[in-house]
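Chemist: Handing you this structure, nothing more for now.
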Number of protein chains: 2
Amino acid sequence: MQAYNFCTPTAVYFGKGKINVLPEVIKKHGTRVLLVYGGGSIKKQGIYQKIHELLADCQIYELQGVEPNPRITSVRDGAQMCKDHNIEVILAAGGGSVLDCAKAIAAGAKYDGDPWDLVLDNSLVKDALPLCTILTLSATGSEFDWGAVISNLETNEKLALISDHLFPAASILDPSYTYSVSAYQTAAGGCDIMSHIFEQYFVLGSSIVNDGLCESIVRSVMINTKKALEKPDDEQARSELMWASSLACNGICSLGNTPSPWVCHAIEHELSGYYDITHGIGLAILTPRFMRYSLNDSTVKRFANFAVRVMDVTPNDDLYSVANEGIDRLFAFYEEIGVPMHLKDVGIDDKHFEAMAEHAIKFAPLDMAIRPLDKDDVVAILKDCL
Amino acid sequence: MQAYNFCTPTAVYFGKGKINVLPEVIKKHGTRVLLVYGGGSIKKQGIYQKIHELLADCQIYELQGVEPNPRITSVRDGAQMCKDHNIEVILAAGGGSVLDCAKAIAAGAKYDGDPWDLVLDNSLVKDALPLCTILTLSATGSEFDWGAVISNLETNEKLALISDHLFPAASILDPSYTYSVSAYQTAAGGCDIMSHIFEQYFVLGSSIVNDGLCESIVRSVMINTKKALEKPDDEQARSELMWASSLACNGICSLGNTPSPWVCHAIEHELSGYYDITHGIGLAILTPRFMRYSLNDSTVKRFANFAVRVMDVTPNDDLYSVANEGIDRLFAFYEEIGVPMHLKDVGIDDKHFEAMAEHAIKFAPLDMAIRPLDKDDVVAILKDCL
């Protein structure tokens, strides 16, 4: 195992009705609150009303309308509001995009310049406002990690903002808030969680515990995504998906593993940077092609292990056939849950592939992937996805 | 899944040479340090000297000679030293006993009365000194959790002290510090880690992720304990054992599971409370007997799953035979790594069984076990161990 540092100071409050801890967790930090949310689904669900009821004696300012693939423009607006109104604590209620936007706002509020500087150079983040979250979509894991992904549509860039200062202080995880998530977003969320695991799992150096944790998270997400699609208010399924989301992106699944450059995320951020597609869908399209492209004599054993342990492929001596069968089954799973599995299905052609590949290798060390990748490799994977 | 709250604020520094972070993690809290350690093995390994070198500009007071199954008398001494010398931060270097003692000292230093009061009523812990740890034995998980176990030889009591205030602020986990651990203590440590998992895993309500994590920890400990016994400086094996130890007792393996009263720990604390035996050995002796005693129509499926998934028993329709085969293999594993598997082997007869059983059910809700247990059941399990 390799050396690592690890600390997740976020306090998780998991279960139905846990929103009632809100006064306690917010007022620890102050009473001047910026509430950050998206398109209004929290109003339909009564979460918005409940927040105002529970925090009746706080001064609540609101930033609403945060986009999927949250934009730097929203971050700028939010950071400015924090400065204008002496905000003491941020409350984000929504899915990963809302939480990511709120994290960038929390950092931007403590920074004198343009928040986009922080995205381009994460080391500039020296402090952040405390952040509490209420999760309404199981997908990104933002509720339990130290990262955010912010898009800049002017420059077609979608980049990560990562800093120890960005762990939420508290995250309220009530699985019943995800019962009304659409089938499409439920599927996309499952794909996102699975991808977080794949990015950490497809490496050459790991441990028995990390592998077991990763494999059981993927198994759980596959089983429970199907259950949640069949019965949207399946409490056990929604619960397992929510906690899987939190564990999958927090680093705990790969502590001590050899490093991974998160290949599919790096490439997907190009796709959604240019085309604003749903993140989890882009990841699902890319993953089987990335796996197939990465198969070689050094890596085939790892992919074959995955096929046997997670996709229930019967082991045999022909590791390539085992690995390929695992990839086929994964592809079939994505189709089964309704993911459009070709880029052309989501309106993307090969026009920007060269530029995307160039940008991807600039921002992620793809030469450290399980099969090292250069620009031409990235273009080839993208073409396989058409 | 059931509701839960979860937060582990401990910062982990894992890997060879990580002791070099010591000045940074200690001086965050102050420069008046109480160093707590055991019998002097940290001197043989050079850890003691390294601490003094790294903290040359701190004022270091020392409490040495902490016992296995740490005693309230040491806790009292340490708490008094903290008060006398205005200690700002405690540094514990050793195995779980040293860490547990230091936790109780940290709480005792902030309490006006006798520290034993805190053990008898954990709710009296309102504050504690910050604690940093350097681990030298993979076993208890104290380096990454909020509990301690303290013995009172005057009253034959060994009881848990649990409080959110007792998470270490930082834990330095250098697997190379465990290379010199004796075969017997390596085996006992492995048994302890496995037991922490069993206590959480043998319940009727769980999740796919929790089960996968628990199963892979047990698998890892079984494989890596044998490797470490064969080759004490096997870096990968010692690393996997060390991180398994931290994960196994931190609660993360059973979040949302139905509750468990930690049956074997409750009974083992009676054994070592009376006889001062090695904790992991007592647990190994008890575990297969507890499992066999708990087999019934409600529980057999759970034990059969364990047999198949962890002990590689071939599944068949006769769940009892599958479950029993799994228990037999676990028993054989304990014997293989050198654990004396009968109480008489460690000098214990049935003299105090009645009193032990009475005390065990008084302090742990054993009626909530996977097979609910009363006093007579505990006596029966103890007799099976003779």
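Chemist: For the stretch A:182-385, what's the relative contact order in percent, using C-alpha pairs closer than 8 Å and at least 6 residues apart?
Modeler: On the way: 271 pairs, mean separation 53.6, N = 204.
So the answer I get is 26 percent.
Chemist: Another question, if that's okay. For A:K344, place a label point 7 Å out from Cα along the Cα→Cβ vector, do the same in each other copy, and report the separations in nm, one decimal, smallest first.
Modeler: 7.9
Chemist: Quick one: ranking B:F167, B:F202 by accessible area, 1.4 Å probe, largest first, what do you get?
Modeler: Values: B:F167 30, B:F202 10 Å².
The ordering from most to least exposed comes out as B:F167, B:F202.
Chemist: What relative contact order, as a whole-number percentage, does chain A give when Cα pairs under 8 Å and 6 or more residues apart are counted?
Modeler: 16
Chemist: Other chains' Cβ within 10 Å of B:231-240 residues: what's the mean? It would help to have the intermediate numbers written out before the result.
Modeler: Numbers: counts 0, 0, 0, 0, 1, 5, 1, 1, 5, 6.
Across the residues of B:231-240, the mean count of other-chain Cβ atoms within 10 Å is 2.
Chemist: How tilted is helix A:319-336 with respect to the longest principal axis of chain A? Cα atoms for both, answer in degrees (0 to 90, nearest 10).
Modeler: Result, in degrees: 40.
Chemist: Also, quick follow-up: Taking chain B as the reference, fit the longest principal axis to its C-alpha atoms, fit the long axis of helix B:183-201 to the helix C-alpha atoms, and give the angle between the two in degrees, 0 to 90, nearest 10.
Modeler: Rounded to the nearest ten degrees, it is 70.
Chemist: When only Cα pairs under 8 Å and 6 or more residues apart are kept, what is the percent relative contact order across the stretch A:1-107? Before the final figure, lay out the partial values.
Modeler: Details: 126 pairs, mean separation 35.4, N = 107.
Over the stretch A:1-107, the number comes to 33 percent.
Chemist: So, one more: Looking at the stretch B:182-385, what % of the alpha carbon pairs are farther apart than 21 Å? Let's see the in-between values first.
Modeler: On the way: 10442 of 20706 pairs.
Distances greater than 21 Å cover 50 percent of the Cα pairs.
Chemist: If each label sits 7 angstrom from Cα along the C-beta direction, how far apart, in nm, is A:R292 from its counterparts in the other copies?
Modeler: The answer, with the shortest distance listed first, is 5.4 nm.
Chemist: With a 10 Å cut-off between alpha carbons and a GNM built on chain A, which of A:H269, A:H196, A:H29 moves the most?
Modeler: Of the options given, A:H29 has the highest mean-square fluctuation.
Chemist: Need one number: nm distance between label points at B:Q49 and A:D112, each 7 Å from Cα along Cα→Cβ, rounded to one decimal.
Modeler: Taking the simple label geometry, B:Q49 and A:D112 are separated by 4.9 nm.
Chemist: Can you give the accessible area of A:M368 in Å² (nearest 10), computed on protein heavy atoms with a 1.4 Å probe?
Modeler: 100
Chemist: Another question about this same structure. Taking springs between alpha-carbon atoms closer than 10 angstrom, which of B:S246, B:S97, B:S123 fluctuates most in the Gaussian network model of chain B?
Modeler: It is B:S123.
Chemist: Continuing with the same structure: Got the A:N86 label distances to the other copies yet, label 7 Å along Cα→Cβ, in nm, shortest first?
Modeler: Result, one decimal in nm: 3.5.
Chemist: Counting only other chains, what is the mean number of Cβ atoms within 10 angstrom of the Cβ of each residue in peptide B:245-253?
Modeler: So the per-residue partner count for this stretch is 1.
Chemist: Let me ask something additional. Rank B:Y274, B:Y184 by accessible area, highest first, at a 1.4 Å probe radius?
Modeler: On the way: B:Y274 60, B:Y184 95 Å².
Ranking B:Y274, B:Y184 by accessible area, largest first, yields B:Y184, B:Y274.
Chemist: For the stretch B:321-386, which trypsin sites (Lys or Arg not before Pro) pass both filters: DSSP loop (anything but H, G, I, E, B) and at most 13 other C-beta atoms within 10 Å? Working shown, then result.
Modeler: Working: sites: B:R329, B:K344, B:K351, B:K362, B:K375, B:K383; in loops: B:K351.
Those satisfying the criteria are B:K351.
Chemist: For helix B:208-230, report the angle its Cα long axis makes with the longest principal axis of the Cα atoms of chain B; keep it between 0 and 90° and round to the nearest 10°.
Modeler: Long axis of B:208-230 versus the principal axis of chain B: about 70 degrees.
Chemist: With the cut-off at 30 Å, tell me which of the pairs B:K83/B:K375; A:K18/B:K16; B:K44/B:K103; A:K16/B:K158; B:K16/B:K226 have Cα atoms farther apart than that. Display every interim value, and only then the final one.
Modeler: Numbers: B:K83/B:K375 42 Å; A:K18/B:K16 41 Å; B:K44/B:K103 24 Å; A:K16/B:K158 36 Å; B:K16/B:K226 22 Å.
Listed pairs above 30 Å: B:K83/B:K375; A:K18/B:K16; A:K16/B:K158.
Chemist: Taking every residue in B:25-34, how many Cβ atoms of other protein chains lie within 10 Å of its Cβ, on average? Intermediate results must be reported in sequence, preceding the final value.
Modeler: Details: counts 0, 0, 0, 0, 0, 0, 0, 0, 0, 0.
Per-residue shielding by partner chains comes out at 0.
Chemist: Also, I was wondering about something else. So, taking all protein chains as they sit and a 1.4 Å probe, how much accessible area belongs to B:D164, in Å² rounded to tens?
Modeler: Surface accessible to solvent at B:D164 totals approximately 120 Å².
Chemist: Let me ask something else about it. Gaussian network model of chain B, Cα springs within a sub-10 Å range: biggest mean-square fluctuation belongs to which of B:K110, B:K158, B:K28?
Modeler: Highest fluctuation among the options: B:K28.
The values are calculated or read from the model by the stated rules, or taken from the named source; none is laboratory data. From a predicted model like this one, the values you see are computed outputs, not experimental measurements. Because the Cβ atoms are built from the backbone with ideal geometry, glycine has one as well, and the counts that use them run over all protein chains shown. Please note that ligands, DNA and RNA were not included when accessible areas were found on the heavy atoms of the full protein model with its side chains. Shrake-Rupley method; radii C 1.70, N 1.55, O 1.52, S 1.80 Å.
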